[in-house]
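Here the structure is laid out as structure tokens; the discussion comes afterwards.
Read-outs: derived from the displayed coordinates by stated rules, not from any lab. Because the structure is predicted, anything quoted here is derived from the model rather than measured. Glycine gets a Cβ as well: all are built from the backbone with ideal geometry, and neighbour counts include every protein chain shown.
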Amino acid sequence: MVINRKAPRKRRAVTEALKDARRDAILAAAEALFCNQAFESIAMSDIAAAAGLAKGTLYLYFRTREEIFLALLLREFSAWLADFAKAAARFASPEAALDWIAASLAARRELLRLAALLHLVLERNLPVETARAFKLEVEAGLTALAPRVAEALRIGDEAEARRFLRWLQASLVGLYQLASPAPAVRAAMAEEPRLAGLAIDFESELRAMLGALLKGTRERP
């Protein structure tokens, strides 16, 4: 008698732990691709292949690549918030806090790249429920951060601390774009002495702008 045995199926990610592990694998694959490629060149099929998943499986976790990179942005943002919370107790002065903010953000290149894409790219292809969930997570992070920023910078008012954080976000995006020109523009600036003034160092420019922002915040009536 011949017994037909079916090949065992791979265990589906049905438990929360397995789902979380697979989601983390997807984010790790997307992050690895993003470290070496522009966002525009990364397709969902690329992420699925890098994560070792079928493309259909990827869509069970994320409906668009924008959702994937929003999740990456939230992870980077949360990690920076955690670092700030740990460092805040060591700030001897507002100036020391500004030094730390500028240096720590300059070191988080992927966070800067994602922040630069946020409003013009990542938020343009989202269902309402995804947009709401993303914004609520950002809001929760800022709500937790504001009192720490107010204390570290001696602002004394959480509403002004929130304003400072909004200005910081705008400064990050603008300065990062100025400090990261396209290859052809960078080459032109390097070859033409008259363009030398357009080349900026992100960290030092950010630190100078943070000082100006703090001064303006304190002087507001």
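Summary of computed values
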read-out	value
Net lengthening on full extension, D24/S78 (0.36 nm per residue, minus Cα-Cα)	18.0 nm
Pair L120, Q177: separation of 7 Å Cα→Cβ label points (nm)	0.4
Relative contact order [Cα under 8 Å, 6+ residues apart], the chain, whole percent	18
Distance (nanometres) between label positions extended 7 Å along Cα→Cβ at A88 and S104	1.0
Burial order of peptide ranges 101-109, 38-46 (average beta-carbon count within 10 Å, highest first)	101-109, 38-46
Whole-number percent relative contact order across the stretch 143-221, with pairs defined as alpha carbons under 8 Å at least 6 apart	30
Partner aspartates and glutamates for K55 [C-alpha distance under 12 Å; skip if fewer than 8 residues away on the same chain]	D46
Residue order, fewest to most beta carbons within 10 Å, for Y176, Y59	Y59, Y176
At R0 = 30 Å, FRET efficiency that the Cβ-Cβ distance of A38 and R154 yields, to 0.05	0.15
CD proxy at 222 nm, helix term only [per DSSP H run n ≥ 4: -39500 (n - 2.57); per residue of the chain; nearest 500]	-23000 deg cm²/dmol
Average projection area in nm² (convex hull over Cα atoms of the stretch 151-210, one quarter of hull surface)	4.6
Nearest-ten-degree value, helix 128-152 long axis tilted from longest Cα axis of the chain	40
Estimated distance in nm for a label pair at T143 and A131, the labels positioned 7 Å out from Cα along Cα-to-Cβ	2.1
Over the chain, equivalent-ellipsoid semi-axes from the Cα gyration tensor in Å	40, 24, 14
Protection proxy ranking, peptides 86-97, 191-202, average beta carbon neighbours within 10 Å, highest first	86-97, 191-202
